[in-house]
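In what follows, a single structure is set out as structure tokens and then discussed.
The values are calculated or read from the model by the stated rules, or taken from the named source; none is laboratory data. It should be emphasised that the depicted structure is a prediction, and the values quoted were computed from it without experimental measurement. Ideal geometry is used to build each Cβ from the backbone, glycine not excepted, and the neighbour counts take in all protein chains shown.
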Amino acid sequence: MTQLILEQALNGLQFGLMLFLIAAGLTLVFGIMDMIHLSHGSLYMGGAYLGAAAAQASGSFLVGLSAAVLGMAVIGVLLETAVLRHFYRRDHLAQVLATFALILISNDLVRMIWGPQPLLLNPPEALAGPIELFGFSYPAYRLLIIAVGLGIALALYWLIGHTRAGMWVRAGAANRAMAEALGVDVRRLFTGLFALGAALAALAGVLLGPLLAVQVGMGENILILAFVVIVIGGIGSIRGALVGSLLVGIVDTLGRALLPTLLRAVAPADVASQLGPALASIAIYLLMAGVLFWRPAGLFPARA
Amino acid sequence: MTALLEAIGLKKHFGGVWATNGVDLALAEHELHALIGPNGAGKTTLIHLVSGSLRPDAGRLRLAGRDITARSMHERVAMGITRSFQISQVFSELTALENVRLAVQGRRSDAGSSFRFWRPASAEVWMIEEAEEWLGQVGLAEQAGCLARELAYGERRALELAMALATRPRILLLDEPMAGLGPEEAERMTHLLAALKGKLTMLLIEHDMEVVFKLADRLSVLVEGRILTTGTPETVRADPAVRRAYLGEERA
Amino acid sequence: MSRKIPFEPLLWGAALAMPWLLDSLGEAYYIGFATRVLIFALAATSLNFVVGYGGLVAFGHAAFFGLGAYVVALAMQAGLSSAWLAWPLAMALAALTAFAIGLVSLRTRGVYFIMITLAFAQMIYYTVVSFKLAGGEDGLPLAQRSTLAPFDLAEDATLYWVALGLLAASLYGLKRLAASRFGHALAGVRQNPLRMEALGYPVRALQLACFVIGAAVAGLAGALLANQNGMASPAMLYWTQSGLLLVMVILGGVGHRYGGLFGAAALLGLEEALALFTEHSHLYVGLALLAVISFAPAGLAGLAGKRRRG
């Protein structure tokens with residue numbers, strides 16, 4: 001039992017860190033430009049497809065990874081300057097419609113290029129096996145994901161907390177008008193942020209590719225989780241996104257693994273077998289509703 | 001003198017600043033009570049606390065002896081406490097008449113519920129007629145059909161007053177009704193308020209001392225979130241502490 | 001307003017004659033499509049009431065739409081096939097759910113309201129999908145269509161006319177509602193909730209009533225769609241369905257009485273027409289949506305030059 005909990009906790013940490021890669025970009029777009037960006041999940045999908053295709057063509061996971069991150073950063077810049085930029089000052093409804101349209105477009109583009117079948121993405125061969133850890137074996141590839149996720153989180157922490165660009169970002173999230181008055185070039189800053197967000201989402205797409213299916217629609221599932229994360233954490237806050245991601249990742253993973261078992265101890269088997277999965281999948285939404293109820297601006301409100 | 005409205009030890013802080021720091025205030029029935037004090041003294045905060053748009057951190061509010069501290073703003077309006085806003089908060093996409101008719105319709109004591117879903121509101125002619133009366137009373141009869149956003153600034157302030165009156169308040173909280181008005185419009189507003197004296201209880205925030213001394217039955221001086229003194233215009237004017245803290249600066 | 005006089009009778013006349021028209025053209029297949037348009041128009045209209053009239057950007061309307069469908073399917077499974085009972089039950093359950101969700105969600109504002117309604121809808125999605133009784137991921141098929149004596153819903157044309165009648169009744173109801181005391185109060189709340197509160201209006205109760213009414217009508221639309229599709233499917237509850245309904249409303253015209261109808265007809269029509277020429281109709285639908293929102297911010301109803309709530 002202890003081993004199961006430990007293993008699932010590691011899985012939760014790994015999933016949470018991947019959610020963080022997606023949520024970090026989303027929370028900045030949302031927080032600074034007040035933009036509801038539904039197509040952020042499409043950047044994640046695009047990254048997974050680009051990575052899988054490049055890895056298949058080159059035979060190297062690393063090439064696939066680099067191609068996805070660089071490619072989506074470029075696409076992010078194009079998307080931001082050509083389309084999204086025009087919707088920052090529109091109301092939320094217009095943003096919903098425009099970015100929903102982008103989901104439709106990107107899903108069909110992916111289908112046009114790669115067909116309706118899911119793509120296969122293999123982890124690098126050196127990491128395909130399990131390794132021994134605290135007396136039990138754990139997939140080496142998942143450990144790599146955790147390491148990369150932690151590394152990116154630290155890098156972002158440094159970028160936001162200790163660089164000039166990061167200061168602009170924090171100023172922009174707290175009070176955009178003030179930041180503009182202080183001479184921050186919000187336009188360029190946001191194009192840069194958007195490219196960074198796209199690259200991080202692509203990174204998550206490629207890293208999760210070998211674990212989840214690379215298929216059309218993958219972005220819609222993860223997008224909502226990312227929204228849950230940033231609402232729990234506080235819109236615009238990187239720290240909030242990290243805490244929210246880990247909370248959601250661990251609650252979701254542990255809930256799915258443990259709730260059915262726990263329920264079986266207190267309820268009849270047939271009730272438990274249905275209620276368990278239901279409770280496990282709504283646990284994070286309950287968490288979010290609870291946070292919003294008691295702390296309407298999230299755990300780490302970015303705005304003063 | 002029995003108080004219609006009583007504030008006891010009201011406190012409110014924002015961040016580390018006490019905007020209201022233990023205010024005791026009693027309004028007598030049918031008096032016009034002016035609230036003066038330097039900028040940042042907490043006058044508008046006090047109006048927020050009394051009207052219910054802000055909750056106090058400490059202290060109590062009583063209306064005719066009844067504790068209303070926990071009541072929401074709309075409940076307080078139904079009990080007879082209505083406020084007007086410093087920056088005109090009219091419905092700019094509606095006509096002046098519809099603005100006031102909405103105020104009439106919102107009066108739950110005698111106008112009935114707004115949860116009526118079928119009958120056209122326009123069929124209830126009495127609401128429209130009453131709205132026209134209120135518009136006439138503030139001198140806007142001619143502008144009844146204009147959209148509120150097309151009205152001149154002074155007209156919007158008059159509309160704001162008509163809406164507040166149409167809720168038939170027992171206590172009217174007026175937050176700088178003259179702010180931004182030209183001399184003629186201010187004069188007209190002063191007459192309007194003078195005509196209301198004795199019909200209802202008013203708490204008036206106003207910077208123009210001439211107006212205050214002309215209209216007020218009593219006045220309270222608010223400094224740094226506390227009431228410095230309360231009394232008739234004559235006694236307040238003579239109070240040396242007030243002259244030091246407030247009037248001295250104003251007149252200088 | 002002079003152009004309004006021929007517009008409505010023409011629209012309704014054409015809609016009424018549609019099944020005969022399609023039949024005589026030998027295109028009876030399209031009766032099903034036309035019914036789908038009407039049903040989505042009903043659902044989008046109910047959302048438009050919440051968003052455009054109530055000013056509440058709700059991103060979880062699919063929950064009520066889908067619940068309506070599941071109530072009909074579950075009732076059918078339990079042996080209750082009468083539409084006279086099952087459909088009102090669908091509306092009642094949707095309304096009750098909306099009451100509970102609204103009570104919590106209306107404490108929040110702006111984007112947080114968008115997100116919390118989304119979260120509640122997702123909870124309902126996952127709850128329904130988890131229960132074997134409701135068919136899980138596969139959905140729940142209907143053994144037959146609901147019975148609506150004296151009408152025979154098994155006839156496609158009859159289902160069409162019933163959907164048309166319900167849509168017409170809802171649009172007429174919307175007109176009455178907008179002109180009623182409640183509608184006027186709601187318009188005030190949409191423009192300036194604080195001012196309404198200061199006039200003595202119980203703002204949250206008004207918003208809650210609006211939210212609940214919209215949900216009940218969405219439940220009815222869901223009940224109809226279950227009949228049209230022959231099943232209740234989880235996809236009807238998923239967040240993308242909420243997004244699609246919202247897109248229809250924005251496309252058609254937020255706050256315009258015909259906005260839901262225009263949006264549903266335009267979106268589904270475009271999809272259907274494009275599907276004749278390409279496998280990738282969504283790509284072009286997406287581009288069209290981007291074009292509309294860029295060049296016609298008030299939606300199709302705005303393009304037609306009609307005023308709000310005409």
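Among the residues of the range B:112-120, is there at least one that is touching a residue at least 12 places away in the same chain (Cβ under 8 Å) and either surrounded by 20 or more Cβ atoms within 10 Å (Cβ to Cβ) or not in a loop (DSSP other than H, G, I, E, B) (or both)?
No.
Could you list, in sequence order, the residues of the range B:116-133 that are at the interface with another protein chain (Cβ under 8 Å from one of its Cβ atoms) and within 14 Å of C:G188 (Cβ to Cβ)? The one that is at the interface with another protein chain (Cβ under 8 Å from one of its Cβ atoms) and within 14 Å of C:G188 (Cβ to Cβ): B:A121. Pairs meeting the criteria (first residue in the range B:226-252 and assigned by TED's automatic domain parsing to the domain that holds B:L46 and modelled with pLDDT under 85, second residue hydrophobic (A, V, I, L, M, F, W, C) and assigned to a helix (DSSP H, G or I), beta carbons under 7 Å, at least 6 apart or on different chains) are B:V242/B:V236; B:E250/B:M209. Scanning for something in a helix (DSSP H, G or I), under 24 Å from A:A9 (Cβ atoms) and touching a residue at least 60 places away in the same chain (Cβ under 8 Å), does the range A:295-304 turn up at least one residue? Checking the range A:295-304: not a single residue is in a helix (DSSP H, G or I), under 24 Å from A:A9 (Cβ atoms) and touching a residue at least 60 places away in the same chain (Cβ under 8 Å).
Within the range C:282-306, being part of a loop (DSSP other than H, G, I, E, B) and at the interface with chain A (Cβ under 7 Å from one of its Cβ atoms) holds for one residue alone: C:P297.
The set of residues in the range B:70-111 being within 20 Å of the chain's Cα centre (by Cα), surrounded by 15 or more Cβ atoms within 10 Å (Cβ to Cβ) and of a type in the set (S, T, Y) consists of B:S72, B:T82, B:S84, B:S88. Please tell me if B:E155 is modelled with pLDDT of 95 or more, surrounded by fewer than 22 Cβ atoms within 10 Å (Cβ to Cβ) and within 21 Å of the chain's Cα centre (by Cα). So B:E155 does not fit the description; no.
Select from the range B:134-150 the residues that are more than 21 Å from C:L194 (Cα to Cα) and surrounded by 15 or more Cβ atoms within 10 Å (Cβ to Cβ) and list them in ascending order.
Scanning the range B:134-150 gives B:W134, B:L135, B:Q137, B:V138, B:G139, B:L140, B:Q143, B:A144, B:C146.
The lone criterion from (1) surrounded by 20 or more Cβ atoms within 10 Å (Cβ to Cβ); (2) out of contact with any Asp or Glu (no Cβ under 7 Å at 6 or more places or on another chain); (3) of a type in the set (G, A, S) left unmet by B:A41 is number (2).
Of all residues in the range A:280-304, those satisfying the criterion of being farther than 18 Å from A:A241 by Cα, among the hydrophobic types (A, V, I, L, M, F, W, C) and at the interface with chain C (Cβ under 8 Å from one of its Cβ atoms) are A:I282, A:F293. Every residue in the range B:84-111 that is assigned to a helix (DSSP H, G or I) and either among the charged types (D, E, K, R) or at the interface with chain C (Cβ under 8 Å from one of its Cβ atoms) (or both), please. B:E98, B:R101, B:L102, B:A103, B:Q105 - these are the residues of the range B:84-111 that are assigned to a helix (DSSP H, G or I) and either among the charged types (D, E, K, R) or at the interface with chain C (Cβ under 8 Å from one of its Cβ atoms) (or both).
Hey, can you tell me all the residues within the range C:105-123 that are of a type outside the set (F, W, Y) and assigned to a helix (DSSP H, G or I)?
Those that are of a type outside the set (F, W, Y) and assigned to a helix (DSSP H, G or I): C:S105, C:G110, C:V111, C:I114, C:M115, C:I116, C:T117, C:L118, C:A119, C:A121, C:Q122, C:M123.
Of the set (1) within 19 Å of the chain's Cα centre (by Cα); (2) free of Cβ contacts under 8 Å to residues at least 40 places away in the same chain, all apply to A:V63 but (1). So C:M91 fits all but one of (1) of a type outside the set (D, E); (2) without any contact (Cβ under 8 Å) to a residue 40 or more places away in the chain; (3) part of a helix (DSSP H, G or I); what number is the exception? That leaves (2) as the condition not met.
Scan the range C:136-151 and give yes if some residue there is more than 26 Å from C:L22 (Cα to Cα), within 14 Å of chain A (Cβ to nearest Cβ) and not β-branched (V, I, T), otherwise no. Looking for residues that are more than 26 Å from C:L22 (Cα to Cα), within 14 Å of chain A (Cβ to nearest Cβ) and not β-branched (V, I, T), one finds at least one in the range C:136-151, hence yes.
Count of the range A:147-166 residues, restricted to those that are touching a Gly at 6+ places or on another chain (Cβ under 6 Å) and surrounded by fewer than 18 Cβ atoms within 10 Å (Cβ to Cβ), is 1. Pairs linking a residue in the range A:10-21 that is under 11 Å from A:V248 (Cβ atoms) to a residue that is among the charged types (D, E, K, R) and at pLDDT below 95, with Cβ atoms under 8 Å and 6 or more positions apart or on different chains, are A:G12/A:D252; A:F15/A:D252. Looking across A:A226, A:A257, A:A289, one residue alone is surrounded by 19 or more Cβ atoms within 10 Å (Cβ to Cβ) and over 29 Å from A:M167 (Cα atoms). It is A:A289. Within the option set A:A73, A:A55, being within 21 Å of the chain's Cα centre (by Cα) and either touching a residue at least 40 places away in the same chain (Cβ under 8 Å) or assigned to a helix (DSSP H, G or I) (or both) holds for one residue only, A:A73. The criterion of at least 2 residues that are more than 28 Å from B:R101 (Cα to Cα) and out of contact with any Pro (no Cβ under 6 Å at 6 or more places or on another chain) is met by the following helices (runs of 4 or more DSSP H) wholly inside the range C:180-277: C:203-229, C:239-252, C:259-277.
The residues of the range A:219-246 that are in a loop (DSSP other than H, G, I, E, B) and either among the aromatic types (F, W, Y) or within 19 Å of C:F113 (Cβ to Cβ) (or both), listed by number, are A:G234, A:I235, A:G236. Scanning the range A:78-135 for residues that are free of Cβ contacts under 8 Å to residues at least 12 places away in the same chain, under 24 Å from C:F295 (Cα atoms) and among the small types (G, A, S) gives A:A82, A:A94, A:A101. When restricted to residues that are surrounded by fewer than 18 Cβ atoms within 10 Å (Cβ to Cβ), in a loop (DSSP other than H, G, I, E, B) and without any contact (Cβ under 8 Å) to a residue 60 or more places away in the chain, the range A:167-190 contains 3. Residue check: is B:S53 at pLDDT below 95, in the same structural domain as B:L174 (by TED's automatic domain parsing) and part of a loop (DSSP other than H, G, I, E, B)? So B:S53 fits the description; yes. Only one entry of C:A43, C:A58, C:A69 meets the criterion of being small (G, A, S), touching a strand residue (DSSP E or B) at 6+ places or on another chain (Cβ under 6 Å), within 30 Å of A:H92 (Cα to Cα) and buried (at least 16 other Cβ atoms within 10 Å of the Cβ), and that entry is C:A69.
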